[in-house]
Amino acid sequence: MNEVIMYDVLILGSGPAGLTAALYCARGGKKTLVLGGDRLGGQTAGIAVLENYPGWAGSGLELAEFMKKQAESFGAEIKFVSATEIAGDAESAFNILCDDGKRYVGKAVIIATGASPRRLEIDGARELMGQGVSYCATCDGFFYYGKDVVVMGGGNSALNDALYLADVAKNVKIVYRKGAFTRAEDVLRNRVSERENIECLFNTDLKKIAKTPDDKLVITTTDDQEIICDGLFVAIGHEANTDYLSEDIRRDSMGRLIPSELPRGIFVAGDVESEIKMQIATAVGTGCSAAMDAIAYLNQL
Ligand SMILES: Cc1cc2nc3c(=O)[nH]c(=O)nc-3n(C[C@H](O)[C@H](O)[C@H](O)COP(=O)(O)OP(=O)(O)OC[C@H]3O[C@@H](n4cnc5c(N)ncnc54)[C@H](O)[C@@H]3O)c2cc1C
């Protein structure tokens, strides 16, 4: 039988939140194992040029590789496996079952499994991701200075994206399948209606996307309008990556984890945490905070 190693902290996720938590826990003298999911860096792995993480001027993946080395230099271990179930509790230790068929045991758990933008599943959307189709206005808006963009969605995220882009792009069209922005806050609705360069197309949806020969996007709507633009920003919600957790653990309306609702000994950081602004800087900040809470918890056991 394999010997079961007892870790002080098991960290789920190797995005910026998980890697920051690993650095703090390992440097704080705790035996730390990161169960890093299927790839290093999480969402940062898809960021070719990272321009808004202070002090960094490379790609998102390069940042993650640097963070990984830094955490490992203090003794953190990293395995690229995904959690499928968390069993046990603070009294008996936590058992995390993973997709390699093994279970990993720890006294505390930090959940940093991120959230995935809900993907647009229409013709052309997948192929054109990163070539005109984006899921992050604050990240990619900069590339559309003086250009025409479309935002898809009608909730707070979509209206926030449209307002952000209206300061950058020439014209912004919001395409929303319902007749009004009933899911968005009044303050955002009012701001959108006051902006001269934002136009709202209601009661229509996107059907397909393609590229024109001069590298623009041509978007066909369900009522057969054709919109020619430079970029499409999809804001149809995020899904927190928490499938492996018990349904009994309360989530917010976006499926994200509320720190005060977690069982004793389990901490949360990054995009999977309720109320967080989904950025690398906040993931790093909450990763640090969760690690410090976990260390204080372990020290009083
Ligand atoms: C295209 C794109 C561009 C972006 N550009 C920017 C930008 O320019 N600037 C910026 O600040 N932010 C940007 N963001 C947002 C930023 O990447 C995220 O806010 C940040 O990565 C969140 O970090 P995280 O560690 O919380 O989660 P993630 O980065 O999502 O990492 C989650 C980790 O959890 C792992 N995981 C998932 N499920 C499991 C499981 N069951 N078991 C174990 N591990 C699991 C994943 O493999 C991954 O390693 C961008 C996002 C996208 C999608």
Free-standing Cys, the chain [no other Cys Cβ under 4.7 Å]: Cys25, Cys98, Cys200, Cys229, Cys288
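Keeping the other protein chains in place, figure out the carbon and sulfur percent of the accessible area of segment 119-234, with a 1.4 Å probe. Provide the component values of the computation, followed by the final result.
Working: 2720 of 6060 Å².
Heavy-atom surface of segment 119-234 belonging to carbon and sulfur, 1.4 Å probe: 45 percent.
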For Lys178, go through the aspartates and glutamates and keep the ones whose alpha-carbon is under 12 Å away, minus same-chain ones fewer than eight residues off. Asp205
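At a Förster radius of 22 Å, what calculated FRET efficiency corresponds to the Cβ-Cβ distance of Ser116 and Ser246, to the nearest 0.05?
The pair Ser116/Ser246 has a calculated efficiency of 0.65.
Which pairs in the list Lys30/Lys69; Lys208/Lys277; Lys173/Lys211 are over 21 Å apart, alpha-carbon to alpha-carbon? Mind dumping the intermediate values first?
Numbers: Lys30/Lys69 17 Å; Lys208/Lys277 30 Å; Lys173/Lys211 18 Å.
With Cα atoms farther than 21 Å apart: Lys208/Lys277.
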Given labels modelled 7 Å from the Cα in the Cβ direction, how far is it in nm from Phe202 to Val218? 3.0 nm
Would you calculate the separation in nanometres between label points at Ala45 and Arg264, each defined as 7 Å from the Cα along the Cα-to-beta-carbon direction? 3.7 nm
Dipole size in debye (nearest 20) for the chain around its Cα centre, Lys and Arg Cβ +1, Asp and Glu Cβ -1? 340 debye
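Please find the FRET efficiency linking Tyr164 to Glu226, where r is the Cβ-Cβ separation and R0 is fixed at 35 Å, and quote it to the nearest 0.05.
Working: r = 25 Å, r/R0 = 0.73.
Using R0 = 35 Å, I get an efficiency of 0.85.
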Can you tell me the FRET efficiency between Lys211 and Leu97 if r is taken as the Cβ-Cβ distance and R0 is 41 Å, rounded to the nearest 0.05? 0.40
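Sort Arg119, Arg177, Arg27 by accessible area with a 1.4 Å probe, largest first. Don't skip to the end; give the middle numbers.
Details: Arg119 100, Arg177 135, Arg27 170 Å².
Correct descending sequence by accessible area is Arg27, Arg177, Arg119.
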In the chain, with Lys and Arg counted as +1 and Asp and Glu as -1 at Cβ, which of these residues, Phe181, Leu50, Ile11, has the Cα nearest the positive end of the dipole, that is, farthest along it? Ile11
Can you give me the angle between helix 16-27 and the longest principal axis of the chain, using Cα atoms only, in degrees from 0 to 90, rounded to the nearest 10? 20 degrees
Positive minus negative residues near Phe94 (Lys, Arg vs Asp, Glu; Cβ under 12 Å): -1
Cross-link partners among aspartates and glutamates for Lys31, C-alpha distance below 14 Å, same-chain residues fewer than 8 apart left out? Asp8, Glu72, Glu77
On a 0 to 90 degree scale, rounded to 10, what angle separates helix 60-73 from the longest Cα axis of the chain? 10 degrees
Taking every DSSP bridge whose two residues both lie in the chain, the antiparallel percent to the nearest 5 is 40 percent
Ranking Gly265, Gly60, Tyr24 by how far each Cα lies towards the positive end of the charge dipole of the chain (+1 on Lys and Arg Cβ, -1 on Asp and Glu Cβ), the top one is Tyr24
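Which sequence of Leu159, Leu40 reflects their accessible areas, 1.4 Å probe, from the largest down? All intermediate terms of the calculation are to be shown ahead of the outcome.
Details: Leu159 0, Leu40 30 Å².
The ranking, largest first, comes out as Leu40, Leu159.
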Amide H of Glu239 versus every other amide H placed in the peptide plane: which residues, excluding those fewer than 5 positions away on the same chain, fall under 5 Å? Ser116, Arg118
Choose one of Asn171, Ala137, Leu120: the residue whose Cα lies farthest towards the positive end of the charge dipole of segment 119-234 (beta-carbon charges +1 Lys, Arg; -1 Asp, Glu; about the Cα centre). Leu120
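Need one word for the chain: rounded, prolate or oblate. Basis is the Cα gyration tensor (sqrt eigenvalues a ≥ b ≥ c); a/c below 1.5 gives rounded, then a/b vs b/c decides.
On the way: a/c = 2.31, a/b = 2.04, b/c = 1.13.
Verdict is prolate for the chain.
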Label-point separation, Leu301 to Ala87 (7 Å along Cα→Cβ), nm: 1.9 nm
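For Phe267, Phe74, give the ranking by accessible area with the largest first, probe 1.4 Å. Please report the intermediate quantities before stating the final value.
Values: Phe267 35, Phe74 95 Å².
Order by accessible area, largest first: Phe74, Phe267.
If you stretched the chain out fully between Asn156 and Ala57, how much longer would it get, using 0.36 nm times the residue separation minus the C-alpha to C-alpha distance? Spell out each step's value before the answer.
Details: separation 99, 0.36 × 99 = 35.64 nm, distance 3.01 nm.
Computed gain between Asn156 and Ala57 is 32.6 nm.
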To the nearest 20 debye, what is the magnitude of the charge dipole of segment 119-234 about its Cα centre, counting +1 on the Cβ of each Lys and Arg and -1 on the Cβ of each Asp and Glu? 220 debye
Kindly express, to the nearest 10 degrees and within the range 0 to 90, the angle between helix 280-299's C-alpha long axis and the longest C-alpha principal axis of the chain. 20 degrees
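The values are calculated or read from the model by the stated rules, or taken from the named source; none is laboratory data. Remember, it's a predicted structure, so these values are computed and weren't measured experimentally. All Cβ positions, glycine included, derive from the backbone under ideal geometry; neighbour counts span all protein chains shown. For the accessible areas, the whole protein counts, side chains as well, though only heavy atoms, and no ligand, DNA or RNA atoms are used. Shrake-Rupley method; radii C 1.70, N 1.55, O 1.52, S 1.80 Å.
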